[in-house]
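Student: Got a structure here, written out as structure tokens. Questions coming.
The values are calculated or read from the model by the stated rules, or taken from the named source; none is laboratory data. Predicted model only: the values in this text are computed from it and were never measured. As a convention, Cβ positions derive from the backbone with ideal geometry for all residues, glycine included, and neighbour counts pool all protein chains shown. Note: areas computed on protein heavy atoms with side chains; ligands, DNA, RNA excluded. Shrake-Rupley method; radii C 1.70, N 1.55, O 1.52, S 1.80 Å.
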Amino acid sequence: MLSNGYSIREFDVKTNFRGRAHPRAHPPLARTPGMEYFHAMSWSIHSTVPYGMLRQAETVRSLRDSGVGPEIYLSAETLDALTPAEAEGTAESLRSAGIRSLSFHAPFRDVWPGAQDEEARRLSVRRISQAIALAPILHPVGIVVHGGYFGWLFDFHAEEWLASARRSFGELAEAAEKAGTQLFVENVFDEAPDHLLRLREAVGSPRLHFCFDPGHAALFSQVPLHRWAEAFGEGIRLMHVHDNRGRRDDHLPVGEGTINFRGVLLAALDAGARPILTIEPHRKEHFARGVAGLREILSTIP
């Protein structure tokens, strides 16, 4: 029996192979009046925000008023243009608004830490290292980094990816140690958690943890979502919370797709994790709906 009241069998029945909930899988729970906000606020919630949007006062106000911290996306273009002085100004703007918790998302376009081409691998390490270098200024709780494994590119030989990825993440973990931050490796096209677990073991750094993305797993995984939570366990330091309908990476607000996020969160808790929860709206109007949908689910979790 799971500590949150669900047996493994119940979880499997309520959640299909891809981790999507059946229509009436979770009836609304009775809640004590006035406690919904308390339960939801006991979790740390972030939202993806491209760095450039933090230059807009409206963005900072929206984060502040919603009680949400930013997961700052740092593109390659941003990293090349950003000066330490501007980063200091952004840090002060967030502090002045009362925003104390934030995270980074490192660049990922054309960034492959497990690349077989040594020049491509070095470029990937350099790009991610640029994000790590900003940590002493903005003080993120951690930096999300894509693992970079895609079975079709490596002919499903994960060990070829692992040989290069181990070198890259070893170098990045050393940089994170010096910068006083953490790295959260995110699943993207991964069909199972095994090779990411092997990566953490091979690197052997206490700075290396996981960002679990159920939305990606619902699209690409060959194992149920709760098995990812069980495998990563307390190593899940951050979770991306965006919904889809099983066909594409829609990045919908929570509850507007078919993923059973309540079940995923219960499984993560039972595995010993209480991660930062980051919504990932790709449209401005999805921000408020994403926060509201997530808090509605959190209000039903003891």
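Student: Read through the list (1) in contact with a Ser or Thr (Cβ under 8 Å, 6 or more places away or on another chain); (2) in contact (Cβ under 8 Å) with a residue 40 or more places away in the chain; (3) surrounded by 24 or more Cβ atoms within 10 Å (Cβ to Cβ), then give the number of the only condition that MET239 fails.
Tutor: That leaves (2) as the condition not met.
Student: I want to confirm something. Restricting to region 113-140 and keeping residues that are within 23 Å of VAL49 (Cα to Cα) and basic (Lys, Arg), which single residue is least open to solvent (accessible area, probe 1.4 Å)?
Tutor: Looking at residues that are within 23 Å of VAL49 (Cα to Cα) and basic (Lys, Arg), I get ARG127.
Student: State whether the residues of region 45-56 include one that is surrounded by fewer than 11 Cβ atoms within 10 Å (Cβ to Cβ), of a type outside the set (Gly, Ala, Ser) and either modelled with pLDDT under 95 or at negative phi (or both).
Tutor: No: region 45-56 contains no residue that is surrounded by fewer than 11 Cβ atoms within 10 Å (Cβ to Cβ), of a type outside the set (Gly, Ala, Ser) and either modelled with pLDDT under 95 or at negative phi (or both).
Student: What do you reckon, is ARG283 open to solvent by 10 Å² or more (accessible area, probe 1.4 Å), at pLDDT 95 or above and out of contact with any Phe, Trp or Tyr (no Cβ under 9 Å at 6 or more places or on another chain)?
Tutor: No, not satisfied.
Student: Now for a different question. Hey, does region 157-180 have a residue that's among the aromatic types (Phe, Trp, Tyr), more than 20 Å from LEU54 (Cβ to Cβ) and open to solvent by 20 Å² or more (accessible area, probe 1.4 Å)?
Tutor: Within region 157-180, not a single residue is among the aromatic types (Phe, Trp, Tyr), more than 20 Å from LEU54 (Cβ to Cβ) and open to solvent by 20 Å² or more (accessible area, probe 1.4 Å).
Student: Now, a different point. With the structure loaded, tell me whether SER103 is open to solvent by less than 20 Å² (accessible area, probe 1.4 Å), under 19 Å from the mean Cα position of the chain (by Cα) and of a type outside the set (A, V, I, L, M, F, W, C) or whether it fails that test.
Tutor: yes
Student: Right, next: Go through ALA135, ALA163, ALA131 for me and flag whichever is over 20 Å from ILE276 (Cα atoms) and of a type in the set (A, V, I, L, M, F, W, C).
Tutor: ALA163
Student: Are there any pairs with C-beta distances below 9 angstrom linking a residue in region 150-161 that is under 16 Å from GLU201 (Cα atoms) and aliphatic (A, V, I, L, M) to a residue that is at pLDDT 75 or above and open to solvent by 100 Å² or more (accessible area, probe 1.4 Å), with the two at least 6 apart or on different chains, and if so which?
Tutor: Qualifying pairs under 9 Å: ALA158/ARG198.
Student: Does THR78 meet the test of being surrounded by fewer than 22 Cβ atoms within 10 Å (Cβ to Cβ) and not charged (D, E, K, R)?
Tutor: When the stated conditions are applied, THR78 passes them.
Student: Restricting to region 242-274, name every residue that is aliphatic (A, V, I, L, M), open to solvent by 10 Å² or more (accessible area, probe 1.4 Å) and closer than 25 Å to GLN182 by Cα.
Tutor: Once the filter is applied, which keeps residues that are aliphatic (A, V, I, L, M), open to solvent by 10 Å² or more (accessible area, probe 1.4 Å) and closer than 25 Å to GLN182 by Cα, region 242-274 yields LEU269, ALA271.
Student: Ok, one more. Restricting attention to region 212-220, does a residue exist that is in a strand (DSSP E or B) and either in contact (Cβ under 8 Å) with a residue 40 or more places away in the chain or open to solvent by 30 Å² or more (accessible area, probe 1.4 Å) (or both)?
Tutor: Yes, some residue in region 212-220 is in a strand (DSSP E or B) and either in contact (Cβ under 8 Å) with a residue 40 or more places away in the chain or open to solvent by 30 Å² or more (accessible area, probe 1.4 Å) (or both).
Student: While we're looking at this one, here's another question. Considering only residues of region 38-82 that are aromatic (Phe, Trp, Tyr) and in contact with a helix residue (DSSP H, G or I) (Cβ under 9 Å, 6 or more places away or on another chain), which is nearest to ALA131 (Cα to Cα)?
Tutor: So, considering only residues that are aromatic (Phe, Trp, Tyr) and in contact with a helix residue (DSSP H, G or I) (Cβ under 9 Å, 6 or more places away or on another chain), the one nearest to ALA131 (Cα to Cα) is TYR73.
Student: Within region 9-32, does at least one residue satisfy the condition of being modelled with pLDDT under 50, part of a loop (DSSP other than H, G, I, E, B), touching a Gly at 6+ places or on another chain (Cβ under 7 Å) and not acidic (Asp, Glu)?
Tutor: yes
Student: Applying the selection to region 77-102, what residues are small (Gly, Ala, Ser), closer than 25 Å to SER124 by Cα and touching a residue at least 12 places away in the same chain (Cβ under 8 Å)?
Tutor: Scanning region 77-102 gives a single hit, ALA87.
Student: Just to be sure I understand, how many residues within region 141-156 are open to solvent by 10 Å² or more (accessible area, probe 1.4 Å) and out of contact with any helix residue (DSSP H, G or I) (no Cβ under 7 Å at 6 or more places or on another chain)?
Tutor: Residues flagged as open to solvent by 10 Å² or more (accessible area, probe 1.4 Å) and out of contact with any helix residue (DSSP H, G or I) (no Cβ under 7 Å at 6 or more places or on another chain) within region 141-156 amount to 7.
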